[in-house]
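K.L.:
Can you keep this structure in mind? I'll have questions shortly.
The values are calculated or read from the model by the stated rules, or taken from the named source; none is laboratory data. None of these values were measured; they are calculated from a predicted model. All Cβ positions, glycine included, derive from the backbone under ideal geometry; neighbour counts span all protein chains shown.
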């Protein structure tokens, strides 16, 4: 069989790496690759070929950039063509994993998933890195995994070694990082073969616009914060961010409500909508940018992420149980800080954030109390942690109500 086709560490070109893999596999044709690649379930629930003939031909001819799921299927098909045993196939696929990333944001998302699979805390990773002879400060790693820019190569390699990844996989990650850091933006279009919604007919677009129009009428004429009926999804694909308004914002807000978030559906992408988008991204395992990009919208539309939390009555009742000696004062303080909303995240100009009912800082959540940003939005954990801070400091001086509130 010869040497296994780990992701080539000297390759800054994904197309070149795929071509080398294809040669190693004996250059199977598109139809053979389709048979070896198996099937996949699309976002709309339809089952289709993981490696359609036309899409595979376009990638091999460098006409379209491959999507992450295509890379997985292509590598798997080539390994099957050479009858690689399952245990060795798993190792090879792991080395190709970073090749899935098309942007620095997706690269960081992949790193975050590696941390999740390791089950290690930031402190444990720092200790393992030290044992390996690497320097990996907790603050540096935390910052690297919560931003959308490429981490330094030294941080990537130290982190992966601390997670127990082998040298072949580490080299693959570094090659992928180098590719993203050096490759200029090019005009090769991205694969769209499994997104039929993007190739709508004029009639389909008209129906989608009508659905958005009807949704606006329903949400603006009906009082209350939650949508009275399931929203029409429409065909809104543009990136939405702070300052945007219109029907597509209404659609996004309605989908967020459907996911379990309480918020107004007013068609204005303001700070509150940005915060709720960030909270959804966190629960869905995406990078928390607060921007409604394509990946976030796709995750919203699937309905797979359902967010549950406490009502304001439940929050106040629990506050009085945990802080019996300061019940009224604590309830008023939390009402001032977050309106008794457990799903509250405040982002500052320097990129730091405060989390949950008591607006715990990044340092308090991750370093001082060994939590995660997701657990910080768990009302029970947040309240218990605040109680621990109160007991350690002897009072509530840690928190102040902003001027003009309370």
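K.L.:
Only one of 177, 123 is at pLDDT 80 or above, in a helix (DSSP H, G or I), over 19 Å from the mean Cα position of the chain (by Cα) and not assigned by TED's automatic domain parsing to the domain that holds residue 368. Can you tell me which? So that I can check it myself, show each step before the final result.
P.N.:
On the way: 177 fails: over 19 Å from the mean Cα position of the chain (by Cα).
Testing whether each residue is at pLDDT 80 or above, in a helix (DSSP H, G or I), over 19 Å from the mean Cα position of the chain (by Cα) and not assigned by TED's automatic domain parsing to the domain that holds residue 368 leaves just 123.
K.L.:
Would you kindly identify the helices (runs of 4 or more DSSP H) lying entirely within region 245-336 that contain at least 1 residues that are at pLDDT below 95 and within 14 Å of the chain's Cα centre (by Cα)?
P.N.:
Working: elements: 247-258, 271-283, 294-302, 312-322.
Counting at least 1 such residues, we get 271-283, 294-302.
K.L.:
Okay, next question. Hey, among the residues in region 146-157 that are outside any loop (DSSP other than H, G, I, E, B) and buried (at least 19 other Cβ atoms within 10 Å of the Cβ), which one's nearest to the chain's Cα centre (by Cα)?
P.N.:
Going residue by residue through region 146-157, those that are outside any loop (DSSP other than H, G, I, E, B) are 146, 153-157.
Imposing the further condition that a residue be buried (at least 19 other Cβ atoms within 10 Å of the Cβ) reduces the set to 155-157.
Values: 155: 20, 156: 18, 157: 22 Å.
Among those residues, the one meeting the criterion is 156.
K.L.:
Taking the options 50, 35, 54, 73, name whichever one is closer than 28 Å to residue 299 by Cβ and at pLDDT 90 or above. Can you show your working first?
P.N.:
Values: 50 fails: at pLDDT 90 or above; 35 fails: closer than 28 Å to residue 299 by Cβ; 73 fails: at pLDDT 90 or above.
One residue alone meets the criteria, 54.
K.L.:
I'm checking my understanding of the structure. Among residues of region 349-377 that are assigned to a loop (DSSP other than H, G, I, E, B) and out of contact with any strand residue (DSSP E or B) (no Cβ under 9 Å at 6 or more places or on another chain), which one is surrounded by the most Cβ atoms within 10 Å (Cβ to Cβ)? Break it down into steps so the answer makes sense when it comes.
P.N.:
First pass over region 349-377, keeping only residues assigned to a loop (DSSP other than H, G, I, E, B): 349-352, 356-359, 369-372, 377.
Adding the requirement that they be out of contact with any strand residue (DSSP E or B) (no Cβ under 9 Å at 6 or more places or on another chain) leaves 349-351, 357-358, 370, 372.
Values: 349: 5, 350: 6, 351: 10, 357: 31, 358: 27, 370: 12, 372: 16.
The qualifying residue surrounded by the most Cβ atoms within 10 Å (Cβ to Cβ) is 357.
K.L.:
Can you pull out the residues in region 122-142 that are under 19 Å from residue 288 (Cα atoms) and crowded, with 16+ Cβ neighbours inside 10 Å? If you could, list the steps in order and put the result at the bottom.
P.N.:
From region 122-142, those under 19 Å from residue 288 (Cα atoms) are 122, 139-142; that's our starting set.
Residues satisfying the conditions are 122, 140, 141, 142.
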